[in-house]
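Enquirer: The structure that follows is given in the form of structure tokens.
What follows is calculated from the coordinates using simple rules that are stated; it is not laboratory data. This is a predicted model, so every value here is computed, not measured. Please note: Cβ atoms are built from the backbone with ideal geometry, for glycine as well, and neighbour counts cover all protein chains shown.
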């Protein structure tokens, strides 16, 4: 029996994913499932480029505003949520359309996920304290002794990923690499077709990222972060506050850096994020690739995305 069809629109930040997805949704019977580790959080709207209320009213959206920023969210939880929502969407006779740029989440939809333990708050607090006392490069060196493949993938100052890799080892006695090789949870039982918006002109994408950040600031991004900063249950180490843009504005509000430095750091970090997302795409089996910054931009790309979706639905 043939597997049901699901679609995905992905690409680096600022590549036009939301516009393409909404164009598809306007002409095909889909429901959108967010593939974004930041959109799950309430109160993080401007800095995440969250779809507007009007856009969300036009087509059903899922996995947006489901958690408070203090709550953790993982790839495993995403896969379980996605599996449930896909069943519900298919049950309504509609097609799941995954949209977003959290590439790890997209990968687990196809490949499943290793057998990883849930977070241990006390162990994480201890590792945070160790990171502050010894420095994260020292903990990275410890990880390199335990799990060289994981250490090779993780930066010496990537506190969140170093912490998680060590947490897995201290809880299970196995390395993160060993656990990731144990696909205890399968991917979705669907045929997932992926459309990637892949801007060929990196310089133009960089300019677009800068313009979008400034537009976010004009729309009240700093005030949004100020509201989060005023809470006594969030810190700079909270995973939600490590998101690009939020991390830099938090440092500004904490008095660690000035505004111009924070602005420049946020733009640079966003460009680096886009570069990492493109690296993920190069390793991914894609069904269609479009240059979202080709001229004329926008309309032609969205029309092509709609035609791609129509052709797949016709085949099904």
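Enquirer: Using a Gaussian network for the chain with springs between C-alpha atoms less than 10 Å apart, which of these wobbles most: 162, 194, 113?
Expert: Looking only at 162, 194, 113, the largest GNM fluctuation is found for 162.
Enquirer: Assign one of three labels to region 157-201, namely rounded, prolate or oblate, based on the Cα gyration tensor with a ≥ b ≥ c the square roots of its eigenvalues; rounded applies when a/c is under 1.5, prolate when it is not and a/b is larger than b/c, and oblate otherwise. Before the final figure, lay out each step's value.
Expert: On the way: a/c = 4.24, a/b = 1.49, b/c = 2.85.
Cα axes put region 157-201 in the oblate bin.
Enquirer: A further question on this structure: Please work out the C-alpha center-to-center distance from region 131-157 to region 197-273 and express it in whole Å.
Expert: The distance from the Cα centre of region 131-157 to that of region 197-273 comes to 26 Å.
Enquirer: Give me the distance in nm between label points sitting 7 Å out from Cα along the Cα-to-Cβ direction at residue 235 and residue 157, one decimal.
Expert: Computed distance between label sites residue 235 and residue 157 equals 1.9 nm.
Enquirer: Two decimals, Cα atoms only, Kirkwood Rh: what is Rg/Rh over region 121-180?
Expert: Working: Rg = 10.3 Å, Rh = 11.1 Å.
Checking Rg against Rh, the ratio lands at 0.93.
Enquirer: Residues of region 152-175 with the amide nitrogen closer than 18 Å to a label point 7 Å from the Cα of residue 138, along Cα-to-Cβ, please.
Expert: From region 152-175, the list is 156-160, 162-164, 166-167.
Enquirer: Additional query: How would you classify region 48-107 from its alpha-carbon gyration tensor, with a ≥ b ≥ c the square roots of the eigenvalues: rounded for a/c under 1.5, else prolate if a/b is greater than b/c, otherwise oblate?
Expert: Numbers: a/c = 1.66, a/b = 1.12, b/c = 1.49.
Oblate is the answer for region 48-107, as a/c is 1.5 or above yet b/c matches or exceeds a/b.
Enquirer: At a Förster distance of 35 Å, what's the computed FRET efficiency of residue 214 paired with residue 170, Cβ-Cβ distance as r, to 0.05?
Expert: Numbers: r = 43 Å, r/R0 = 1.23.
Rounded to the nearest 0.05, the efficiency is 0.25.
Enquirer: Moving on to the next point. Once you sort the root eigenvalues of the Cα gyration tensor of region 150-306 as a ≥ b ≥ c, which label holds: rounded (a/c under 1.5), prolate (a/b larger than b/c) or oblate (the other case)?
Expert: Working: a/c = 2.07, a/b = 1.02, b/c = 2.04.
The shape class here is oblate.
Enquirer: Between residue 66 and residue 207, how high is the FRET efficiency from 1/(1 + (r/R0)^6) when r is the Cβ-Cβ distance and R₀ = 41 Å? Nearest 0.05. Could the numbers behind the result be given before it?
Expert: Values: r = 33 Å, r/R0 = 0.81.
Efficiency computed from Cβ-Cβ geometry: 0.80.
Enquirer: Pick from 172, 48, 270: which residue has the top mean-square fluctuation in a GNM of the chain where Cα pairs under 10 Å get a spring?
Expert: Of 172, 48, 270, the Gaussian network model singles out 172 as fluctuating most.
Enquirer: While we're here: State the extension gain, in nm to one decimal, for the chain segment bounded by residue 254 and residue 115, taking 0.36 nm per residue of separation less the distance between their alpha-carbons. Kindly include the intermediate steps, with their values, before the conclusion.
Expert: On the way: separation 139, 0.36 × 139 = 50.04 nm, distance 3.76 nm.
Value of the extension gain: 46.3 nm.
Enquirer: Let me ask something else about it. I want to check the label-to-label distance for residue 242 and residue 284. Put each point 7 Å from Cα in the C-beta direction and report it in nm to one decimal.
Expert: For the pair residue 242/residue 284, the computed spacing is 2.1 nm.
Enquirer: For percent of Cα pairs over 31 Å apart, which listed value, [x] 22; [y] 38; [z] 33, comes from the coordinates shown?
Expert: Matching the structure shown: [z].
Enquirer: Taking only Cα atoms and a 10 Å spring cutoff, compute GNM fluctuations for the chain and point out the largest among 170, 41, 73.
Expert: Sorting by GNM fluctuation, first place goes to 170.
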